[in-house]
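Please treat every number below as a calculation from the coordinates, not as lab data. What you see is a predicted model; the values in this text were computed from it and never measured. For neighbour counting, all protein chains shown are included, and Cβ atoms are generated from backbone atoms with ideal geometry for every residue, glycine included.
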Amino acid sequence: MKKSAVIGWPISHSLSPRLHGFWLDKLGIEGSYEALPVEPENLDDFANKLKSGELGLKGANVTVPHKQEIMAFCDEISPLAQRIGAVNTLVVKDGKLLGSNTDHYGFKTNLEASGKLPENPSGAAIILGAGGASRAVCTALEELGYSPIYLLNRTLERAEEVANDLGGSIIAGSLSDLPKYMAECQILVNSTSLGMKGQNPLDIDLSDLPKEAVVTDIVYNPLMTGLLEQAKARGNPIVDGIGMLLFQAIPGFESWFDPSEKPVVTEELRQYMLEVL
Ligand code: ATR
């Protein structure tokens, strides 16, 4: 039986076992995917046991707080994960630990699959937030063709650090710079935790945002965040955040379980995942 897992600390709220379980069932694969709590001080022990085969796992997903620290234990890291500075997917191959980052793929593929993007995306992108997720969002928007990319964050230094690390056409700023860039924006992304259940709402004025600009949120609980409601009400195309979670899981699933059919993101899967939010 092929086995994989997600590691984090804490990990009990992870939706990944439900997601991979859905595909294992659908595709009739005899496999398992479980949530494994790994404390930070036990990360090296986990990595060694994973690599040696002692855990019987083909690999694993990696989530908070291990996405950076796990890199020290990888034998190879994909160039994209190296650039983003975080690994969220591990594959054991010939006794080696290979690390990659599939958040970039998840965010980009979700936008592409939504059918809301123009044929050849171009123009300015605005990303709010410079936390863990925003680096993958920046590289994905860049690859889609947007330029310049304004990365605006409450803490300016954090945005500057990301812009420096990533290079390219990323311009760092503060959240208070938002009105300055709004009128040229072709895609607006919330990658802050604002708008999430239990957090403050993201309170911004969209009145200068061009009507054709796509608005998307990486927050998916609730699915329709205040930002998306506001954008929808004024007629902007919107893309919700659950798809990023679903699409980012595909590359790992394929590496570990080697399915004869590709796992796909369907409306049935979306509804199945939304049931537990
Ligand atoms: P993740 O890894 O999921 O992106 P994170 O690293 O904790 O999470 O980042 C959270 C993001 O939300 C950060 O950009 C954070 O801004 P700071 O870097 O200034 O902390 C942003 N954020 C959280 N609460 C905020 C608030 N009340 N107002 C503005 N931005 C906020």
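One table, with the values for the structure above:
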read-out	value
Tally, over region 135-155, of residues that are within 6 Å of the ligand (Cβ to nearest atom) and of a type in the set (Ser, Thr, Tyr)	1
Every residue from region 231-272 that is more than 19 Å from the chain's Cα centre (by Cα), of a type outside the set (Asp, Glu) and closer than 14 Å to Gly21 by Cα	Trp256, Phe257, Pro259, Tyr272
Subset tally (residues that are in a helix (DSSP H, G or I) and either of a type outside the set (Gly, Ala, Ser) or over 21 Å from Ile250 (Cα atoms) (or both)) for region 70-90	9
Filter result for the condition that a residue is crowded, with 22+ Cβ neighbours inside 10 Å, more than 14 Å from the ligand (Cβ to nearest atom), within 19 Å of Leu227 (Cα to Cα) and touching a residue at least 12 places away in the same chain (Cβ under 8 Å), over Leu188, Leu128	Leu188
Qualifying position, being in contact (Cβ under 8 Å) with a residue 12 or more places away in the chain, surrounded by 20 or more Cβ atoms within 10 Å (Cβ to Cβ) and in contact with a strand residue (DSSP E or B) (Cβ under 6 Å, 6 or more places away or on another chain), among Ala86, Ala81, Ala136, Ala140	Ala81
